[in-house]
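The values are calculated or read from the model by the stated rules, or taken from the named source; none is laboratory data. Model, not experiment: these values are computed from the prediction. Please note: Cβ atoms are built from the backbone with ideal geometry, for glycine as well, and neighbour counts cover all protein chains shown.
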Amino acid sequence: MRAAWYDRQGPAAEVLQVGDLPDREPGEGEVRVRLRFSGINPGDTKKRRGWLGSEMPYPRVIPHSDGAGVIDQVGTGIDTGRVGQRVWVYNAQSYRAFGTAAEYVVVPDRLAVDLPNEVGEETGACLGIPGITAHRAVFADGPVRGATVLVHGALGGVGSLAAQLAAWGGATVISTVRRTDDLGQLSGPGAERAVALDTADPARAIRQYAPDGFDRIIEVAFSDNIDLDAAVAANGAVIAAYATRTDRPDFPFWPMLFANLTIRLFGSDDFPIEARQQAAIDLTEAARTGHLTIPIADPLPLEQVADAHEAVDRGCRQRILLTIPE
């Protein structure tokens, strides 16, 4: 099979290779997916770079956890009726060596989710890491119908999906972007009530949309925004953070204590299995019914995997995909 891989960590252009590797066969409880698209996330490029001192977990890594394609083989114990099904794949390279940057990927059956005919494979390849992270951030503390939800970084992969999922779940959504010039790039639920954080008094601007404060706050820059979050949170609110700019952030302990706030931190590789499965169900349904829109750049061929990684590392706001050759 054609595949991209690396045998050591480092810059994309130096370590990523493309060539032929042996085809993989599914074992017990597994399915093999003939991939059409491989989705790339910042977590994939961080693993390749050795972010935070991480080391090679395996002698060789085929990167990427997200993808979409068609099941072409099943292992023992799996219904043969799954052969031929369109699916989207998540967590393919989570605690495994071989991900979706290849013609074939083998995953446990539950990680290959049926993809409805109404949803394109390009969209399916974008649902995994950002979608499940967004779902967990929005719904980990229960339903949001009737709640007010503040989503920071609504132009990002997770933030955009969090805003859409919160609206799909019945919440009133207010979103933020870093700069005033970014407001025009918002679309969907995130654009209806939005604030730029470079305004003179962002807390006041945000509070105008929710005078009683926010029930949930979805946070992409915990260290930068925590004082702002404390100022706009309702009593008993949850601040759900999946990223930070400073490794050891400070926060206003006493005001947050008296407001009875909860800080919830998320690491997508280690979400509970049940939470990931529910996220997969909900993401598929929201996409099927037209409630999710994902901006996707023109997919690049597998041979340009290094260029694709560099685009992700530059912070491209569109999702980056690889097309897998027939």
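Looking at 195, 238, which is the one that is outside any helix (DSSP H, G or I), within 19 Å of residue 155 (Cβ to Cβ) and either modelled with pLDDT of 95 or more or in contact with a His (Cβ under 9 Å, 6 or more places away or on another chain) (or both)?
195 is the lone residue from the list that is outside any helix (DSSP H, G or I), within 19 Å of residue 155 (Cβ to Cβ) and either modelled with pLDDT of 95 or more or in contact with a His (Cβ under 9 Å, 6 or more places away or on another chain) (or both).
Out of 233, 205, which single residue is modelled with pLDDT of 95 or more, touching a Gly at 6+ places or on another chain (Cβ under 8 Å) and at negative phi? Don't jump to the end; show me each part of the working.
Details: 205 fails: touching a Gly at 6+ places or on another chain (Cβ under 8 Å).
Going through 233, 205 in turn, just one is modelled with pLDDT of 95 or more, touching a Gly at 6+ places or on another chain (Cβ under 8 Å) and at negative phi: 233.
Can you tell me how many residues within segment 10-28 are in contact with a helix residue (DSSP H, G or I) (Cβ under 6 Å, 6 or more places away or on another chain) and not β-branched (Val, Ile, Thr)?
Residues that pass the stated criteria total 3.
For segment 90-112, how many residues meet the condition of being on the phi < 0 side of the Ramachandran plot and touching a Leu at 6+ places or on another chain (Cβ under 8 Å)?
As a first pass, look at segment 90-112 and keep what is on the phi < 0 side of the Ramachandran plot: 90, 92-94, 96-112.
This time we only want the ones that are touching a Leu at 6+ places or on another chain (Cβ under 8 Å), so: 90, 92, 100-105.
So the answer is 8.
Go through (1) over 22 Å from the mean Cα position of the chain (by Cα); (2) part of a loop (DSSP other than H, G, I, E, B); (3) more than 16 Å from residue 262 (Cα to Cα); (4) not aliphatic (A, V, I, L, M) one by one and return the number of the condition residue 249 breaks.
Only one criterion in (1) over 22 Å from the mean Cα position of the chain (by Cα); (2) part of a loop (DSSP other than H, G, I, E, B); (3) more than 16 Å from residue 262 (Cα to Cα); (4) not aliphatic (A, V, I, L, M) is unmet by residue 249, namely (3).
Can you tell me which condition residue 261 does not meet? The list is (1) in contact with a Gly (Cβ under 8 Å, 6 or more places away or on another chain); (2) not assigned by TED's automatic domain parsing to the domain that holds residue 139, and all the others hold.
(2)
Inside segment 139-152, can you point out the residues that are surrounded by fewer than 24 Cβ atoms within 10 Å (Cβ to Cβ), touching a residue at least 24 places away in the same chain (Cβ under 8 Å) and not acidic (Asp, Glu)?
Kept after step one, since they are surrounded by fewer than 24 Cβ atoms within 10 Å (Cβ to Cβ), are these residues of segment 139-152: 139-148.
Narrowing further to those that are touching a residue at least 24 places away in the same chain (Cβ under 8 Å): 139-141, 143-148.
Across segment 139-152, the qualifying residues are 139, 140, 143, 144, 145, 146, 147, 148.
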